[in-house]
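Let me begin by presenting the structure, written as structure tokens, before commenting on it.
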Amino acid sequence: MLTGALVNARSQTRYRGLNRAVNLQTDVGYGSAGRLKVAAESILSVVHIDGGSPVWLTALPDTARTFGISPFENGQDLSEPLISNGFDSREMHALVRARDGDWNLAQGLRIFENTTEPGETHIFRVTQDAELFIIAPVSPDFIESGGGAAIKVEVQPPKGASSDLSLPTPLGKVIEERRIASGTAEAYEVKKGQFIQIIDVQGQQCSDFMAMRSSALDVGVERYIDSTVSRTMTRSAYPLPGLHDKFFDQDIKPLLAVRQDTVGRHDTFALACAARGYEERGFPGHLNCSDNISAAYAPYGIQSRRAWPAINLFFNSWIDWQDHHIASDEAWSRPGDYVALQALTDLVAVSTACPDDVDPINGWNPTDIHLRIYEEDSAISHSVAWRANPEDAAKMTQHSAFHPRTSKLTTSFTVARDLWMPAHFDATGTVEEYWACKKTATLQDMSGLRKFDVVGPDALKLLQHCLTRDVSKLSIHRGFYALICDERGAVLDDGTLFRLEDTAFRWCCGSDNSGLHLREQATALGLNVRVLSLGDRMVNLALQGPKSRDILREITFTQPTRPSLENIKWFGFTIARLHDRDGPMFMLCRSGFTGELGYELFCDRADAVEIWDGLMAAGVPHGLVPMGGHALDMLRIEAGLMIAGAEFGPDVDAMESGLGFAVDFKKPEFIGRAALERNAASVRRKLVGLHFADDEVVSHGDGVFVGREQVGVITSACTSPYFGHTIAMARVAIENAELGTPLEVGKLDGHMKRLSATVVDLPFVDPKREKARA
């Protein structure tokens, strides 16, 4: 038996996971202001991840009329008038107006400067309850010279603080609020249009939820959330914010819409825990959600049940695809995580705080659930939580800077990291957008790309060490496609590197991990360089198609010191303005992801709508149409262009991903070179194209076979409008990669159905990239 001392030692060293409350940390991006509600005697930690840019700190105490620094211990002597430009200050101005205050009297602390080193930290004690704002203003010349900032903020509450500190900031006007104690349930009424927010107070706590339609109860009929109907209607295990967001009853009437979800991991298959389940495992008399739900619903005349169907929020379950068993584990939810739903009709709802302490689902420690009900006109946007890395603060999905225009043209949006991006547009649809890109021109919001400026005397040395191409050959106003690999030769990220100045580069890529990796390498090598995150301050559009240059001729102004539009060759760029020398600035690059002639425009989000309007006005006579992500996917597959999670990832190297063209073995050193050189001498797998006889769809992950043996896997596929049949990229054994080799793709179990295919070269169209180079 373990001794008490040993038990205590083990409990202290056990890894408890990432369980910091979601409202006690925030990440602040370039040109934005992060907000935190902080209690008196809390400790505030502010870390400048990037370094090299100013950051301001200010506070609005509960009794103050404008911003100041009185809540910060020993900060009064450093007070300065608060800046009002270079960041989105609308929320702060609204708070001051609501208190009849004067912004001109606002004060702040400038806690970081242009000379700040990466990773530098400031720690403050907060002496009053207050709303804190951390501001990272932009530099006015960041488009042409570089810039960026990433700030991490964490709050340590005072000792003995109430668990209420983990509750998220209210989403609107709260009309009812209650705490559901551990092991209990409460029923409540919700009117049509009102919102319900169900909050996990301490993290890893499940909550069974059910709702009855009031109009049916009034006539003696019970109509409630039907998980089977809801899964069928949404074609998903459970609804999520977006187009398919509704829970339905047995009459296929919508009862609720999921408006926000910070976890995205729930259960709709199993029943609420019941006495029978505990009894069969040797725990007779154990508290259970089904009995609690029946008791809570009894005053409404709702029939008691031995086992209740329910939506088990935060319950981490899955179905094993091999044996079809339902499995579960500890919940993913953190303190303050929540689901917000809007009632689409009058409801009688019930929520539980699950008492299960014999399974891992509640982290072996059942705790409370908090409930808020908001009035009908609360402005609660559709969003999900996204983290670039598990330890990061959650970011709720936002609309891009081009949303005021794209939202008028479509309601079909999909989540792309932390943004809603158009899937296709109502007036055209995917196929028409595809053909427009090939015949005329298309305009697409590509703001989900990550952008990092690498600046400093050792910028070249860092990039030479990390990228697979020879950066020393890159001139100012030029760029190239490159990879970042690990020591095994696996591709961590791909992107385009542009040289802004002798010691300033812009890396446009797919993953936030690029920035982390570059910073880690700079620190390990002791280099004098900063890796600056441009965040969502720099947005971008892709203008693609044979008419793209003609459209740009009508709206592009360049100074004589910059390359003209006509002189920008493939992967070149210039700094331009819209219409004339006074128009908004943008970086214009001869690049794209369609295989067609095209350009990309990078601009300040403040200028996004004006630049969209200018391009559309000039482009309509040339047949310009907006394009969504679905058409782009078909175009990039035809062009043989690779993406993370499909053609490349942690289990394959760059050569097997079809990216050997982006590896320069003449360069003596870079991360992953030795592994890639070894693998290139003895290639085991190769990325090839496949042509099919018809247009039956194959999918990522489908096996590629020769007889009974699997020899490869599909990485990407689509039905090509150009060819009139299905095409795919596949990674296959080198012995089966010769052009013209007949292969089969397995459907169902891989053997019951086969689709014939023939190996072809990549890309499928325009193998010399003549259109992109035109």
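The values are calculated or read from the model by the stated rules, or taken from the named source; none is laboratory data. Just so it is clear, the model here is predicted, and its values are computed rather than measured. Because the Cβ atoms are built from the backbone with ideal geometry, glycine has one as well, and the counts that use them run over all protein chains shown. Just so you know, the surface numbers come from the protein's heavy atoms only, side chains and all, with ligands and any DNA or RNA stripped out. Shrake-Rupley method; radii C 1.70, N 1.55, O 1.52, S 1.80 Å.
None of Gly220, Gly242 is touching a residue at least 60 places away in the same chain (Cβ under 8 Å), out of contact with any Lys or Arg (no Cβ under 7 Å at 6 or more places or on another chain) and part of a loop (DSSP other than H, G, I, E, B) except Gly242.
If the condition is being among the hydroxyl-bearing types (Ser, Thr, Tyr) and either within 31 Å of the chain's Cα centre (by Cα) or over 20 Å from Ala295 (Cα atoms) (or both), then region 256-282 contributes Thr262, Thr268.
The strands (runs of 3 or more DSSP E) falling completely within region 398-482 that include 2 or more residues that are at pLDDT 95 or above, open to solvent by less than 10 Å² (accessible area, probe 1.4 Å) and under 24 Å from Thr496 (Cα atoms) map to 441-445, 450-455. The condition of being over 30 Å from His403 (Cβ atoms) and touching a strand residue (DSSP E or B) at 6+ places or on another chain (Cβ under 7 Å) does not hold for Gly623.
Condition first: of a type outside the set (D, E, K, R) and under 19 Å from Ala130 (Cα atoms). Now tell me which residues in region 33-48 satisfy that. Those that are of a type outside the set (D, E, K, R) and under 19 Å from Ala130 (Cα atoms): Ala33, Gly34, Leu36, Val38, Ala39, Ala40, Ser42, Ile43, Leu44, Ser45, Val46.
Let's see how each residue does on (1) assigned to a helix (DSSP H, G or I); (2) touching a residue at least 60 places away in the same chain (Cβ under 8 Å); (3) in contact with a His (Cβ under 8 Å, 6 or more places away or on another chain); (4) over 18 Å from Leu492 (Cβ atoms):
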| site | (1), (2), (3), (4) |
| --- | --- |
| Gly640 | no, yes, no, yes |
| Pro650 | no, yes, no, no |
| Ser657 | no, yes, no, no |
| Lys667 | no, yes, no, no |
| Ala675 | yes, yes, no, no |
| Asn679 | yes, yes, no, no |
| Ser682 | no, no, no, yes |
| Val688 | no, yes, no, yes |
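Can you find a residue that is in contact (Cβ under 8 Å) with a residue 60 or more places away in the chain and either charged (D, E, K, R) or not in a strand (DSSP E or B) (or both) anywhere in region 54-63? Within region 54-63, one or more residues are in contact (Cβ under 8 Å) with a residue 60 or more places away in the chain and either charged (D, E, K, R) or not in a strand (DSSP E or B) (or both).
For every residue, the table says whether it meets (1) of a type in the set (D, E, K, R); (2) touching a residue at least 12 places away in the same chain (Cβ under 8 Å); (3) touching an Asp or Glu at 6+ places or on another chain (Cβ under 7 Å).
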position: Phe705; (1), (2), (3): no, yes, yes
position: Asn736; (1), (2), (3): no, yes, no
position: Asp761; (1), (2), (3): yes, yes, no
position: Ala772; (1), (2), (3): no, yes, yes
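In region 349-360, the count of residues that are of a type in the set (Val, Ile, Thr), closer than 23 Å to Thr411 by Cα, modelled with pLDDT of 95 or more and open to solvent by less than 20 Å² (accessible area, probe 1.4 Å) is zero. Of the listed requirements (1) surrounded by 17 or more Cβ atoms within 10 Å (Cβ to Cβ); (2) outside any strand (DSSP E or B); (3) touching a Ser or Thr at 6+ places or on another chain (Cβ under 9 Å); (4) of a type in the set (A, V, I, L, M, F, W, C), Ala187 misses just one: (2). Within region 104-120, residues that are more than 24 Å from Gln76 (Cβ to Cβ) and open to solvent by 10 Å² or more (accessible area, probe 1.4 Å) have Cβ atoms under 6 Å from residues that are at pLDDT below 95 and of a type in the set (Ser, Thr, Tyr) in no pair, counting only partners at least 6 apart in sequence or on another chain.
Every listed requirement among (1) open to solvent by 10 Å² or more (accessible area, probe 1.4 Å); (2) touching a Gly at 6+ places or on another chain (Cβ under 9 Å) is met by Lys569 save one, (2). Counting only residues that are open to solvent by 30 Å² or more (accessible area, probe 1.4 Å) and either without any contact (Cβ under 8 Å) to a residue 40 or more places away in the chain or part of a helix (DSSP H, G or I) (or both), region 253-274 holds 1 of them. Cβ separations smaller than 6 Å between residues 6+ apart or across chains give the following pairs from region 142-166 residues that are within 28 Å of Gln128 (Cβ to Cβ) to residues that are open to solvent by 40 Å² or more (accessible area, probe 1.4 Å) and part of a helix (DSSP H, G or I): Pro157/Leu165.
The set of residues from region 562-617 being polar (S, T, N, Q), part of a loop (DSSP other than H, G, I, E, B) and either out of contact with any strand residue (DSSP E or B) (no Cβ under 6 Å at 6 or more places or on another chain) or at pLDDT below 95 (or both) is empty. All conditions but one from (1) part of a helix (DSSP H, G or I); (2) touching a Pro at 6+ places or on another chain (Cβ under 9 Å) apply to Leu518; the one that does not is (2). Return yes or no: is Ile551 more than 27 Å from Gly31 (Cα to Cα), assigned to a strand (DSSP E or B), open to solvent by less than 10 Å² (accessible area, probe 1.4 Å) and in contact with a helix residue (DSSP H, G or I) (Cβ under 9 Å, 6 or more places away or on another chain)? For Ile551, the condition - more than 27 Å from Gly31 (Cα to Cα), assigned to a strand (DSSP E or B), open to solvent by less than 10 Å² (accessible area, probe 1.4 Å) and in contact with a helix residue (DSSP H, G or I) (Cβ under 9 Å, 6 or more places away or on another chain) - is not met.
With the requirement that a residue be of a type outside the set (A, V, I, L, M, F, W, C), open to solvent by less than 10 Å² (accessible area, probe 1.4 Å) and over 25 Å from the mean Cα position of the chain (by Cα), what does region 584-596 give you? Steps first, please.
The first filter runs over region 584-596 and keeps only residues of a type outside the set (A, V, I, L, M, F, W, C), leaving 584, 590-592, 594-596.
Add one more test, that the residue is open to solvent by less than 10 Å² (accessible area, probe 1.4 Å), and what stays is 590-591, 594.
Of everything in region 584-596, just one residue is of a type outside the set (A, V, I, L, M, F, W, C), open to solvent by less than 10 Å² (accessible area, probe 1.4 Å) and over 25 Å from the mean Cα position of the chain (by Cα), namely Arg590.
Are any of the residues in region 621-631 closer than 24 Å to Trp507 by Cα and surrounded by fewer than 19 Cβ atoms within 10 Å (Cβ to Cβ)?
Filtering region 621-631 for residues closer than 24 Å to Trp507 by Cα gives 628-629.
If we keep only those that are surrounded by fewer than 19 Cβ atoms within 10 Å (Cβ to Cβ) as well, we get none.
Checked against the condition, which is being closer than 24 Å to Trp507 by Cα and surrounded by fewer than 19 Cβ atoms within 10 Å (Cβ to Cβ), region 621-631 yields no hits at all.
The sole residue among Pro158, Pro170, Pro140 that is out of contact with any helix residue (DSSP H, G or I) (no Cβ under 7 Å at 6 or more places or on another chain), open to solvent by 50 Å² or more (accessible area, probe 1.4 Å), over 18 Å from Val455 (Cα atoms) and at pLDDT below 95 is Pro170.
Out of the residues in region 173-184 that are within 24 Å of Cys289 (Cα to Cα) and open to solvent by 20 Å² or more (accessible area, probe 1.4 Å), which is farthest from the chain's Cα centre (by Cα)? Step through it out loud before you land on a result.
First, pick out the residues of region 173-184 that are within 24 Å of Cys289 (Cα to Cα): 176-184.
From what is left, the residues that are open to solvent by 20 Å² or more (accessible area, probe 1.4 Å) are 176-179, 181-182, 184.
On the way: Glu176: 32, Glu177: 30, Arg178: 31, Arg179: 31, Ala181: 33, Ser182: 33, Thr184: 35 Å.
Top of the filtered list is Thr184.
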